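Data first, discussion second: the structure below is written as structure tokens.
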């Protein structure tokens, strides 16, 4: 019986790897016109401390479950999951809550070594659950623990990112990573270099008066976006521009 289950799971993963091409967009036209969203076999890094990040994580979680009818893995390294935002997004999209929430599989890490263990066992979890997406918010937060030596932190993050990149491509996952640390010293700048080395898309979100600046670093594109409640839309809430230099 166990062998039959394994064969079914591997077939499901192979099917996703070969055929899935659906993009997940935010459903915010003023952003979607510039940002085509999250694609299978790609990794997106979002650098932000703003609460808009919670909305993005919730949207991707809900829409990935809805689009593929498969679980997602949510490896929470900063106790950051916002279940209320997830519920709001599901309701706004007229989705039944229970099936959505059951497929958002959350594993929390409270120490660096717990996070390391979760990442090291991703292959096993993917083989069992056959997810469509992997979300790892606050991936660098635990590396700032005073008990973690800086060299060890660099080594761990290098391995984590290599493993996430491999898994993303091998299993055709939509992967989303976030980080919100200050890059004011050599150690955190080194972590930033490791984070950005192999990711597909890098988005830095910073506040500017009442709006947000979304900087797509690899594309050198900047969007000024005025956040509004989920149940509202306006025609004048954004401008798009090419960043100079």
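Observations on the model:
- Among the residues here, residue 5 does not qualify as farther than 22 Å from residue 228 by Cβ, part of a loop (DSSP other than H, G, I, E, B) and modelled with pLDDT under 90.
- Total residues in segment 151-185 satisfying the condition of being under 22 Å from residue 54 (Cα atoms) and part of a loop (DSSP other than H, G, I, E, B): the figure is 5.
- Residue in segment 171-181 that is in contact with a helix residue (DSSP H, G or I) (Cβ under 7 Å, 6 or more places away or on another chain) and without any contact (Cβ under 8 Å) to a residue 60 or more places away in the chain present: yes
- Put simply, of 46, 31, 59 the only residue that is assigned to a strand (DSSP E or B) and either modelled with pLDDT under 95 or in contact with a helix residue (DSSP H, G or I) (Cβ under 9 Å, 6 or more places away or on another chain) (or both) is 46.
- Qualifying positions in segment 79-99 - closer than 22 Å to residue 139 by Cβ and loosely packed, with under 15 Cβ neighbours inside 10 Å: 79, 83
- Within segment 197-223, considering residues that are in a loop (DSSP other than H, G, I, E, B) and surrounded by 14 or more Cβ atoms within 10 Å (Cβ to Cβ), the one modelled with the lowest pLDDT: 219
- Selection within segment 114-143 - more than 12 Å from residue 75 (Cβ to Cβ) and either surrounded by fewer than 14 Cβ atoms within 10 Å (Cβ to Cβ) or touching a helix residue (DSSP H, G or I) at 6+ places or on another chain (Cβ under 8 Å) (or both): 123, 124, 127, 128, 130, 132, 140, 143
- Criterion violated by residue 23 - all others in (1) modelled with pLDDT under 95; (2) surrounded by 19 or more Cβ atoms within 10 Å (Cβ to Cβ) satisfied: (2)
- Screening segment 228-245 for residues that are buried (at least 16 other Cβ atoms within 10 Å of the Cβ) and either under 23 Å from residue 43 (Cα atoms) or touching a strand residue (DSSP E or B) at 6+ places or on another chain (Cβ under 8 Å) (or both) and picking the one that is modelled with the lowest pLDDT gives 237.
- Residue in segment 86-108 that is over 21 Å from residue 65 (Cα atoms) and in contact (Cβ under 8 Å) with a residue 12 or more places away in the chain present: no
- Selection status of residue 69, surrounded by fewer than 19 Cβ atoms within 10 Å (Cβ to Cβ) and in contact with a strand residue (DSSP E or B) (Cβ under 9 Å, 6 or more places away or on another chain): no
- Residue check, residue 188 buried (at least 16 other Cβ atoms within 10 Å of the Cβ), in a helix (DSSP H, G or I) and at pLDDT below 95: yes
- Among the residues listed as 100, 148, 139, the single one being touching a strand residue (DSSP E or B) at 6+ places or on another chain (Cβ under 9 Å) and either modelled with pLDDT of 95 or more or not in a helix (DSSP H, G or I) (or both): 139
- Within the option set 181, 164, 194, being surrounded by 18 or more Cβ atoms within 10 Å (Cβ to Cβ) and in contact with a strand residue (DSSP E or B) (Cβ under 8 Å, 6 or more places away or on another chain) holds for one residue only, 164.
The values are calculated or read from the model by the stated rules, or taken from the named source; none is laboratory data. Quick caveat, the model's predicted, so the values are computed rather than measured. Cβ sites come from the backbone with ideal geometry, for glycine too, and all protein chains shown count toward neighbours.
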